[in-house]
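The values are calculated or read from the model by the stated rules, or taken from the named source; none is laboratory data. Here the structure is a predicted model, which is why all the values come from computation and not from measurement. All Cβ positions, even for glycine, are placed from backbone atoms using ideal geometry, and neighbour counts span all protein chains on display. When the accessible area is computed, the model is the full protein with side chains, heavy atoms only, and any ligands, DNA or RNA have been set aside. Shrake-Rupley method; radii C 1.70, N 1.55, O 1.52, S 1.80 Å.
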Amino acid sequence: MSRLGLRLLTSLFFLSAAVSPVTAQPAAPVSEETVHEVAAQLRCVVCQNLSVDDSPSEMASQMRAIIRDRLAAGERPAEVRQYFVDRYGEWILLSPPRRGFNLLVWLVPLAAVGVGLVTVAVLVRRWTRHLRDHRPTRVDVDPAMSERIRREVDSGP
Amino acid sequence: MRRLWRWLIPLAVLPVLALLAYGFRVDPRDIPSPLIGRPAPAFGLTTFEGTPLSLAAHRGKVVVLNFWASWCQPACYEEAPVLERNWREYRDRGVVVVGVDIQDRREAAEKFVREFGLTFPNAQDLTGAVSVDYGVYGVPETFFLDRQGRIRVKHVGAVTDAVFRANVDRLLAEPGSP
Amino acid sequence: MTVDFGYGMTLVALVLAIYGAAAAAVGARAGRPALVESAQHAALGVFVLITACFALLTYAFLTFDFSVRYVATNTNLGTPFYYRITGVWGALEGSIILWSWMLGLYTLILILRHRDSARELYPWALATMLGILAFFLLVMTIAAPPFQRQVPVAADGRGLNPLLEDTGMITHPVALYLGFTGFTVPFAFAMAALITGRVGDTWLVLTRRWTIVAWYFLSLGLLIGGWWSYHVLGWGGYWAWDPVENAAFMPWLTATAFLHSVMIQERRRMLKLWNIVLVILTFGLTLFGTFLTRSGVIASVHAFTQGSIGALFLGFLALVMLTALGLVAWRWEALRSQGELDSVVSRESAFLLNNVLLIAAAFTVFFGTVFPLLSEAVRGVKVSVGAPFFNQVNVPLFLSLIFLMGVGPLIAWRRASLENLKRNFLWPVVLGVAAAAAAFVLGVRSALAVLTLATTVFVGTTIGVDFVRATRARLRVGEALIPAVGGLLRRHNRRYGGFVVHLGILLIALGVTGSHAWSVQTEATLRRGETAELAGYRFRFDDLTAVEESNHFKVVGAFTVSNGRVLDVLRPAKKFYPQEQSPIAYVDYRLGLKEDVYLVLGDFARDGTQATIKLQVNRLVSWIWIGGVVLTLGALLAILPERRTA
């Protein structure tokens with residue numbers, strides 16, 4: 001784009017003085033916190049990975065206004081959310097609804113933590129078995145290791 | 001047996017690789033609309049000329065509802081003449097083309113309408129209410145509505161003659177309103 | 001001309017890298033040092049050639065050589081000088097050059113440092129490095145060639161992605177890529193250890209060092225990325241759990257796990273198998289990250305352009321993971337170790353738990369990132385997995401990790417006595433509980449915030465207590481304060497480097513908690529002269545002006561911020577680039593230790609009489625950056641060569 005083109009763009013901008021539409025103010029007072037709460041769960045459709053709450057885009061700003069209006073009209077947050085799901089599909093929810101197949105995304109990490117903890121418990125039990133067997137421990141500590149421990153003990157807290 | 005078991009470790013990555021390979025077959029930006037087959041949401045807008053524009057006024061016709069914006073280069077610029085051409089051709093056969101301009105500045109949008117000599121009704125969606133009602137992601141998106149006023153097809157991207165004709169002809173061939 | 005020359009050099013570099021990898025491998029197998037030496041020369045040649053390619057491309061950028069397609073698509077006559085340099089690696093093709101160049105650099109350092117010190121492992125490590133380098137050069141020749149002819153030669157280019165016009169664009173990718181590519185070296189040594197069967201101590205010591213170096217750069221890259229997101233993207237946040245962020249975070253988590261579990265292996269000769277798997281996993285995740293960002297399989301804000309490159313990366317990922325894990329299975333017997341602990345309550349156990357939590361977090365992030373694909377494959381339904389999910393699942397994991405961070409280092413190795421526990425944890429627990437009570441009295445009602453605060457104070461105190469005690473011990477034997485502290489840090493640089501890193505993490509946790517729990521925001525539409533209020537601040541809309549820059553024009557709003565007295569005039573803007581459809585927000589902010597005032601310009605009237613603005617007061621965010629600086633300093637301290645004698 002040449003500088004001339006830019007200048008054209010600039011002059012175009014200043015020539016027209018009509019007031020552009022701006023977001024309407026809500027009719028009834030709606031808690032901004034509720035608006036954020038709903039908006040934060042919805043995915044901004046033009047920006048892929050930001051929420052409607054976070055996105056600085058015009059579309060997101062319009063969607064926030066729609067959320068505000070619907071809440072002002074007496075809809076509950078869940079209903080407003082459902083309104084968007086009905087139009088955009090589950091995709092618009094930033095966190096999949098907890099039912100059916102989607103439960104996996106919640107349960108699998110939980111199961112992973114569980115498996116990890118059980119594995120560690122089993123290993124620690126196995127590795128401390130010798131303590132319960134009353135066999136003498138540390139029969140052959142290598143000298144370098146014991147030297148290291150001694151140093152650690154000397155200098156440590 | 002114990003020896004074989006350990007070879008499961010490298011094999012464990014195969015399902016993950018398969019899933020990622022599957023990813024090549026899908027387009028993350030192509031999201032099917034849940035509105036297909038459902039009644040089209042009603043709206044009431046005002047055209048650039050100042051006349052009221054509503055869906056209810058076109059009940060019983062096949063409606064081609066096109067969402068566009070003047071800043072949408074080049075797709076909207078490619079499809080505008082296509083829409084105008086087909087609108088002229090089909091307008092007497094019970095087909096109406098309706099344009100909804102979203103996230104736009106009025107002057108730029110009016111210039112767009114003038115430039116392409118669009119004669120079908122065009123209106124600006126100032127608050128975004130209509131575009132959200134139709135689950136619009138971006139522009140251009142076009143909805144084909146049957147004579148019962150149900151959304152039948154959503155087309156993302158520029159409309160071509162072939163796309164327009166195929167969808168409209170099919171909807172026209174269906175029995176009229178009950 | 002430029003194109004032919006650049007492409008030619010890339011090809012020669014590719015051939016040299018393949019030759020080098022083969023020569024090093026054959027030389028190692030047949031025990032012929034001459035071949036290994038020849039591979040070293042090849043590596044040097046590859047590095048020189050990539051450097052020349054890099055220089056040539058930079059020159060093309062600086063001279064607006066629009067006969068090169070990459071230059072034509074990523075710059076235009078208006079692009080300022082500075083961004084013509086950073087623009088070189090602003091898009092896919094250039095980023096691969098930068099990546100290859102760093103790999104070449106690491107290969108060179110590896111040759112210089114380990115040529116004589118690790119005779120058995122070295123040739124195989126060199127072969128691995130060159131093999132991986134060859135892959136990236138292959139990408140540069142067939143899938144994403146930076147040197148491609150633009151026909152006909154364009155009169156002007158398209159221009160750089162405006163979001164990349166930021167000073168962070170030099171530091172963020174450089175640090176991030178140094179981190180990513182840095183993990184290639186530990187992986188190369190792991191492969192060498194597996195191939196030779198020498199899975200003992202040499203491998204471990206080399207790998208630990210290199211992992212800390214890569215970890216340091218990756219941390220730096222992540223932090224600068226957060227800062228870039230905060231001050232460029234204009235959404236008031238620093239971390240969005242975007243697939244690309246996740247891609248960089250996963251190897252960070254697994255590398256962190258390795259840096260902890262490696263200590264158990266050093267002391268107890270245990271977990272050999274686990275540690276080698278962690279190194280392989282970390283490297284695999286860096287490749288996975290590259291695949292994610294460059295394949296377009298998963299939609300993301302920062303996705304590079306797509307193409308055949310995805311399949312190439314997936315193939316390479318498959319090759320690497322199957323080979324490496326196959327070798328692990330093959331060396332199974334050598335990697336098995338007899339584990340033995342002296343007590344259930346010991347630092348070893350704490351580290352094992354730490355590993356479970358870190359890997360679980362990495363797995364959660366991984367699973368969440370690929371879940372949309374899984375859902376589509378199984379159900380045919382597209383779903384999103386975003387910030388609310390990741391926060392919800394990861395917060396408990398991270399809180400537990402932070403808690404362990406306080407407990408772990410102060411439990412004795414081997415066996416912890418009740419005495420030992422009481423001595424070390426009395427004060428931290430008391431202060432932690434006191435902090436929770438104080439927060440509650442001061443009106444903090446978020447359970448999560450109270451818990452995080454208490455944990456942070458608890459862990460902070462454990463670090464403080466340890467440090468004070470160790471210093472006191474030195475003072476008792478007659479040292480002065482400054483030399484005592486200095487000596488402590490130098491003599492036990494790994495231990496205290498680790499503590500400083502932990503301190504940095506605490507500060508980051510504080511910042512994250514504060515910004516989530518206490519930040520407030522609102523939107524307001526103001527006419528000129530009107531004011532909006534938020535959290536005790538008043539914002540007056542003064543005026544709106546348009547400014548012309550070399551490659552865009554911007555609309556700048558002026559807002560006077562006051563809280564009783566005038567604090568500042570903030571000038572958020574919207575930038576209009578000819579090559580972009582929608583304007584780019586340019587935020588303005590006033591940073592503070594307690595809170596940041598953050599303004600994003602929204603819609604506005606064209607005559608400048610009215611503007612919509614998003615106002616945010618973000619609490620404690622600065623502590624994330626401060627914590628980041630502390631963390632990187634700690635990592636530097638830990639990297640210093642160990643000095644066992646004071």
**Request:** May I ask you to say which residue of B:Gly44, B:Gly37, B:Gly60 is free of Cβ contacts under 8 Å to residues at least 40 places away in the same chain and small (Gly, Ala, Ser)?
**Result:** B:Gly44
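Yes or no: C:Leu373 more than 9 Å from chain A (Cβ to nearest Cβ), of a type outside the set (Phe, Trp, Tyr), part of a helix (DSSP H, G or I) and in contact (Cβ under 8 Å) with a residue 24 or more places away in the chain?
Values: more than 9 Å from chain A (Cβ to nearest Cβ): yes; of a type outside the set (Phe, Trp, Tyr): yes; part of a helix (DSSP H, G or I): yes; in contact (Cβ under 8 Å) with a residue 24 or more places away in the chain: yes.
Here the answer is yes, as C:Leu373 does meet what is asked.
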**Prompt:** Can we say C:Leu133 is surrounded by fewer than 24 Cβ atoms within 10 Å (Cβ to Cβ), touching a residue at least 24 places away in the same chain (Cβ under 8 Å) and under 30 Å from C:Thr167 (Cα atoms)?
**Reply:** no
**Message:** Which condition from (1) open to solvent by less than 20 Å² (accessible area, probe 1.4 Å); (2) over 28 Å from the mean Cα position of the chain (by Cα); (3) polar (S, T, N, Q) is the one that C:Ser100 breaks?
**Reply:** (2)
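Inspect segment C:397-405 for any residue being without any contact (Cβ under 8 Å) to a residue 24 or more places away in the chain, among the polar types (S, T, N, Q), at negative phi and in a helix (DSSP H, G or I) and give the result as yes or no.
The initial filter retains those residues of segment C:397-405 that are without any contact (Cβ under 8 Å) to a residue 24 or more places away in the chain, namely none.
Taking every residue of segment C:397-405 in turn, none turns out to be without any contact (Cβ under 8 Å) to a residue 24 or more places away in the chain, among the polar types (S, T, N, Q), at negative phi and in a helix (DSSP H, G or I).
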**Complete:** Only one of B:Val96, B:Val113 is in contact (Cβ under 8 Å) with a residue 40 or more places away in the chain and either of a type in the set (Val, Ile, Thr) or open to solvent by less than 30 Å² (accessible area, probe 1.4 Å) (or both), namely B:Val113
**Item:** Condition broken by C:Phe291, with the remaining ones in (1) among the hydrophobic types (A, V, I, L, M, F, W, C); (2) at pLDDT 85 or above; (3) open to solvent by 10 Å² or more (accessible area, probe 1.4 Å) satisfied
**Value:** (3)
**Message:** Consider segment C:591-646. How many of its residues are free of Cβ contacts under 8 Å to residues at least 60 places away in the same chain, away from chain A (no Cβ under 12 Å), surrounded by 20 or more Cβ atoms within 10 Å (Cβ to Cβ) and not in a strand (DSSP E or B)?
**Reply:** 0
**Prompt:** Do we find that C:Pro152 is farther than 22 Å from C:Thr107 by Cβ and within 14 Å of another protein chain (Cβ to nearest Cβ) in this structure?
**Reply:** no
**Asked** Tell me, which residue of segment C:357-398 that is surrounded by fewer than 18 Cβ atoms within 10 Å (Cβ to Cβ) and small (Gly, Ala, Ser) is modelled with the lowest pLDDT?
**Response** C:Gly380
**Complete:** For segment B:116-132, the count of residues that are crowded, with 22+ Cβ neighbours inside 10 Å and free of Cβ contacts under 8 Å to residues at least 24 places away in the same chain equals 1
**Residue match in segment C:168-180 (condition: open to solvent by less than 40 Å² (accessible area, probe 1.4 Å) and closer than 26 Å to C:Asp4 by Cα)** = no
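Considering only residues that are of a type in the set (Val, Ile, Thr), within 15 Å of C:Val279 (Cα to Cα) and open to solvent by less than 20 Å² (accessible area, probe 1.4 Å), look in segment C:308-356 and name the one that is farthest from the other protein chains (Cβ to nearest Cβ).
Looking only at segment C:308-356, we keep the residues that are of a type in the set (Val, Ile, Thr), and these are C:309, C:320, C:323, C:328, C:344-345, C:356.
Retained after the next criterion (residues that are within 15 Å of C:Val279 (Cα to Cα)): C:320, C:323, C:328.
Retained after the next criterion (residues that are open to solvent by less than 20 Å² (accessible area, probe 1.4 Å)): C:320, C:328.
Values: C:Val320: 10, C:Val328: 6 Å.
For segment C:308-356, the residue satisfying everything is C:Val320.
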**Message:** Among the residues of segment C:241-251, are any buried (at least 24 other Cβ atoms within 10 Å of the Cβ), within 11 Å of chain A (Cβ to nearest Cβ), in contact (Cβ under 8 Å) with a residue 40 or more places away in the chain and more than 17 Å from the chain's Cα centre (by Cα)?
**Reply:** no
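Considering C:Gly529, C:Gly443, C:Gly487, which residue is closer than 28 Å to C:Gly628 by Cβ, of a type in the set (Gly, Ala, Ser) and at pLDDT below 95?
Numbers: C:Gly529 fails: closer than 28 Å to C:Gly628 by Cβ; C:Gly443 fails: closer than 28 Å to C:Gly628 by Cβ.
The conditions single out C:Gly487.
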**Item:** Residue ranges of helices (runs of 4 or more DSSP H) in segment A:62-138 with at least 1 members in contact with a Leu (Cβ under 8 Å, 6 or more places away or on another chain), at the interface with another protein chain (Cβ under 7 Å from one of its Cβ atoms) and within 23 Å of B:Pro34 (Cα to Cα)
**Value:** A:77-88
**Item:** Residues (in contact with a strand residue (DSSP E or B) (Cβ under 7 Å, 6 or more places away or on another chain) and under 12 Å from B:Phe120 (Cβ atoms)) located in segment B:62-85
**Value:** B:Val63, B:Val64, B:Leu65, B:Asn66, B:Trp68, B:Leu83
